[in-house]
């Protein structure tokens, strides 16, 4: 067993977790990444001028209800308690997100109690029995005023299309609370690594049986040199986009530095369509346990993903899902020694905790298959 040799493509959380589990089993692992750093889109680094820890690809707040996942990440770095409180800057004013009792009372200038909110919103909503898209779902949940102030313009900027073109499921996961709870997440465990995500992923990869190679492009010709390959990159990219490119939105940032406190909060959403950026992140507020006189602000812009962009959010429109089925059939019918694991390789939006949970499960499943000489299912997707 110890003579087997494995390649892991991608040094984000999926690749790092799989590398670690295989290494602990005694396998020799080479983990490669085309970027010059580990941790994927969770990469953090100290700002050169201010020493503030910056989330280079946008903010990541670790949250989960899975104690095993929470214990796993805490074994590789200390997570400091952190509750994400988002502010919405709208045409009608500045409000708390997710939508809660304070938001509704301030927006409509009323003084509702928790048991009055549901009835009040029913008087505002549009009666749509079976919402077929994002806009219909929002109107049936919130009504015209809340939808157009908080979601219509923001959604058009974020996704680059009319909300009527998006599936209703996107909005279903956004909470509306009938109390004053303004914590963005409901998860039992929430926090941010004290030393940043890159340090945490570095600790996961720190094992004698793991060889890390950065700025290393993967090619399918590498497969023949390994007993098995774990691929965490874009599924369409693996096949050289032979059926076409899957749709993603990507984001880019404009960085600015200031003295003092710029906006008084870590994240503010800009909901008006005529404001070109979607969010503004002030990174020192993601580490309230640190003290900084200066501040670093990243304004976030959304756009369609082009060939050299990093994909962020899978669009999963009907045309995308049709292409995805073609790529999945290609995997099912191949005899290759490659497994597809993680967000990009399965074309799904996954939070960090789910990425780690699935990587742990797949690594354990793979090891069990090797031990019992079973056939390995190569596409891991719940």
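Here, each number is a calculation from the coordinates, and none is a lab measurement. Since the structure is predicted, the reported quantities are computational estimates derived from the model, not experimental observations. Note that each Cβ is placed from the backbone with ideal geometry, even for glycine, and that neighbours are counted across all protein chains shown.
Things to note:
- Taking the average, over residues, of other Cβ atoms within 10 Å as the packing measure, peptides 268-278, 111-121 rank 268-278, 111-121 from highest down.
- Annotation: the residues 42, 31, sorted from fewest to most other C-beta atoms within 10 Å of their own C-beta, follow the order 42, 31.
- Counted residue by residue at 0.36 nm each, then reduced by the alpha carbon distance between them, the extension gain from residue 367 to residue 125 reaches 82.0 nm.
- Folded to 0 to 90 degrees: helix 352-372 orientation relative to the chain principal axis, Cα: 20
- Measuring nothing but alpha carbons in the stretch 194-244 and taking Rh as the Kirkwood radius, the Rg to Rh ratio lands at 1.06.
- R0 of 41 Å, Cβ-Cβ distance residue 276-residue 330: FRET efficiency to nearest 0.05: 0.60
- Percent of Cα-Cα distances greater than 18 Å, calculated over the stretch 118-223: 67
- Extension gain, residue 289 to residue 71, is 76.3 nm, computed as 0.36 nm per intervening residue step minus the present C-alpha separation.
- Extent of the stretch 43-173 along its three principal axes (Cα atoms, max minus min coordinate, largest first): 49, 36, 35 Å.
- On Cα atoms only, tilt of 318-332 relative to the major axis of the chain in degrees: 20
- Considering only the Cα atoms of the stretch 100-172, their convex hull presents on average a projected area of 4.9 nm².
- Set the Cα radius of gyration of the stretch 243-323 against 2.2 N^0.38 Å, with N its number of residues, and you get 1.41.
- Along principal axes, Cα extents of the stretch 285-382, largest first, whole Å: 59, 36, 21
- Highest-first packing order for the peptide set 79-88, 280-289 is 280-289, 79-88, based on the mean count of other beta carbon atoms within 10 Å.
- At 0.890 mPa s and 25 °C, Stokes D of the stretch 172-292 from Kirkwood alpha-carbon radius, µm² per second: 123
- For the chain, adding -39500 (n - 2.57) for each run of n ≥ 4 DSSP H residues and dividing by the number of residues yields -8500 deg cm²/dmol at 222 nm.
- Taking the alpha carbon gyration tensor of the chain, multiplying each eigenvalue by 5 and rooting it gives semi-axes of 38, 25, 19 Å, largest first.
- Equivalent-ellipsoid semi-axes of the stretch 8-90, from the Cα gyration tensor, Å, largest first: 27, 19, 12
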